[in-house]
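The values are calculated or read from the model by the stated rules, or taken from the named source; none is laboratory data. Bear in mind that the values here come from a model prediction, so they are computed numbers and not experimental data. Counting neighbours? That spans all protein chains shown, and the Cβs are built from the backbone with ideal geometry, glycine included. All accessible areas refer to the heavy atoms of the entire protein, side chains included, with ligands and DNA or RNA removed. Shrake-Rupley method; radii C 1.70, N 1.55, O 1.52, S 1.80 Å.
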Amino acid sequence: MKRRVAILISGRGSNMAALLRAAMQPDFPAEIAVVISNRADAAGLQKAQESGVAVEIIESKPFGKDRAGFEAKLQQALDARGIEIICLAGFMRLFTAEFVQRWYGRMLNIHPSLLPSFPGLDPHGQALRAGVKLSGATVHFVIPETDAGPIVMQGAVVVRDNDTPDTLSTRILGVEHRIYPEALKLLAKDLVRLEDGLCRTSSVERADHSLIWPMVS
Ligand code: GRF
């Protein structure tokens, strides 16, 4: 049985699209049962509708600071569709600790840096200002602290001297679209387990070679 997944978005939805594409493969271990947006104007909604997946809009704005009120409505929608795993994909609303606790080990997020470096806003600018030579993207389980939580998968890219936040973000996005479906696959196949707050992986089949940058020859 495929695991039933909800993707939560607030914006562009390119990671959502990557997950939807991956889940179209017959042997993918999860099915995207619904895409939920907390904003009616999220650009990703159109992509979702075109793909034929079920789409729901649950606007968070009317709830203001009443996070629990919004989450109760969200939880209802998730229950109604028998959702087992949540993938946050550019979802710009913080959850209460209670909601996060309820979904601990079953809710993933993606962030465009090699966490724990550069959490929060403007991760690409943070990476450039720090002068790191490698950056990347991280898929992690969600905990109450923002952009923290057990790391499931990371992918790295080189950072060039002439990079801008835009060029770096484009390069990292390519990696995001590769690792998010892979991380969901691991979770859906029960190949990851949480041990003492860390994520461990069974049956890893191959490793890419090391990435060293810059090199003169
Ligand atoms: C991505 O960079 C993701 O890592 C971050 O928000 C951005 C969402 O982009 N959490 P998209 O909506 O998936 O295109």
If you wrap the stretch 1-103's Cα atoms in a convex hull and average its projection over all directions, what's the area in nm²? 6.2
Given points 7 Å out from each Cα along the Cα-Cβ axis, report the Arg102 to Val132 separation in nanometres with one decimal. 3.3
Estimated distance in nm for a label pair at Glu182 and His209, the labels positioned 7 Å out from Cα along Cα-to-Cβ: 1.6
Would you mind checking Lys2/Lys61; Lys65/Lys185; Lys2/Lys73; Lys47/Lys185 for any pair whose Cα atoms are more than 27 angstrom apart? Lys2/Lys61; Lys65/Lys185
Can you send over the carbon and sulfur percentage of the accessible area for the chain, probe radius 1.4 Å, protein chains only? 52
Roughly speaking, what is the centre-to-centre gap between the stretch 1-18 and the stretch 188-208 when only Cα atoms are used, to the nearest Å? 21
How much length is gained on full extension from Ser202 to Thr164, taking 0.36 nm per residue of separation minus their Cα-Cα distance? 10.0 nm
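Sorted by accessible area (1.4 Å probe), largest first, how do Leu198, Leu121 line up?
Reading off the accessible areas and sorting them downward yields Leu121, Leu198.
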Per the Cα gyration tensor, the stretch 143-197 corresponds to an equivalent ellipsoid with semi-axes, largest first in Å, of 27, 14, 9
3J(HN,Hα) from dihedral phi, the stretch 22-31, Karplus parametrisation 6.51/-1.76/1.60, rounded to Hz, x for glycine, proline: 4, 6, 6, 5, x, 8, 5, x, 9, 10
Length gained if Arg12 through Asp66 is fully extended, taking 0.36 nm per residue and subtracting the Cα-Cα distance, is 16.9 nm
Compute a Gaussian network model of the chain, connecting alpha carbons closer than 10 Å, and tell me which residue from Arg171, Arg102, Arg12 fluctuates the most. Arg102
DSSP beta bridges in the chain: the antiparallel percent, rounded to 5, is 45
Note down the net charge around Arg4, summing +1 for each Lys or Arg and -1 for each Asp or Glu among other residues with Cβ under 9 Å from its Cβ. +1
With every protein chain kept in place and a 1.4 Å probe, the chain has an accessible area per residue in Å² of 54
Mind giving me the nanometre distance, one decimal, between the label points for Asp27 and Ala80, set 7 Å out from Cα along Cα→Cβ? 3.6
Across 10 Å bins beginning at 0, the whole-percent shares of Cα-Cα pair distances in the stretch 78-217 come to 11, 40, 33, 14, 2, 0
